[in-house]
1. Among ASP2, ASP59, what is the fewest-to-most ranking by other Cβ atoms within 10 Å?
2. Provide the packing ranking of 72-80, 16-24, i.e. peptides ordered by the mean count of other C-beta atoms within 10 Å per residue, highest first.
3. Give me the number: length gained by fully extending VAL56 to GLU72, i.e. 0.36 nm times residue separation minus the C-alpha to C-alpha distance, one decimal in nm.
4. Would you mind computing, in nm to one decimal, how far apart the modelled labels at ALA47 and ASP25 are, each placed 7 Å from Cα along Cα→Cβ?
Amino acid sequence: MDYLKVSSKSSPASVAGAVAGMVKDGLPVTMQCVGAGAVNQAIKAIAIARGFLIPVGFDISCSPLFSDIYIEGQMRTAIRLTVNVHALSQATEQLPEYLSDRSALA
């Protein structure tokens, strides 16, 4: 399985665009993060991606898990965030304002 590798230097908006694009294409999304800064950027990206996806009828959440990986011959603990996709049953015009207002989620 391929992962979106997120680092502490990753742009949350760029990662969010990749997540939203994969969700719209029906592809599974899992992000891999090593370190607190990387996890922070990944969580920000999920929040931004929600803002991109809610108006088009999707919502997302994530499920974290620990994974041991090798980086340059050393074992490290990564956090993998699996993105769960939820189809919204209501049209976005019927959503509460705080959910349909993308600027509130950014």
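1. Lowest to highest Cβ neighbour count: ASP2, ASP59.
2. 16-24, 72-80
3. Answer, rounded to one decimal: 1.7 nm.
4. So the label points at ALA47 and ASP25 sit 2.7 nm apart.
Read the figures in this text as sums done on the coordinates, not as results from a lab. All values reported here derive from a predicted model rather than from experimental measurement. Methodologically, a virtual Cβ is constructed for each residue, glycine included, from the backbone with ideal geometry; neighbour enumeration extends over all protein chains shown.
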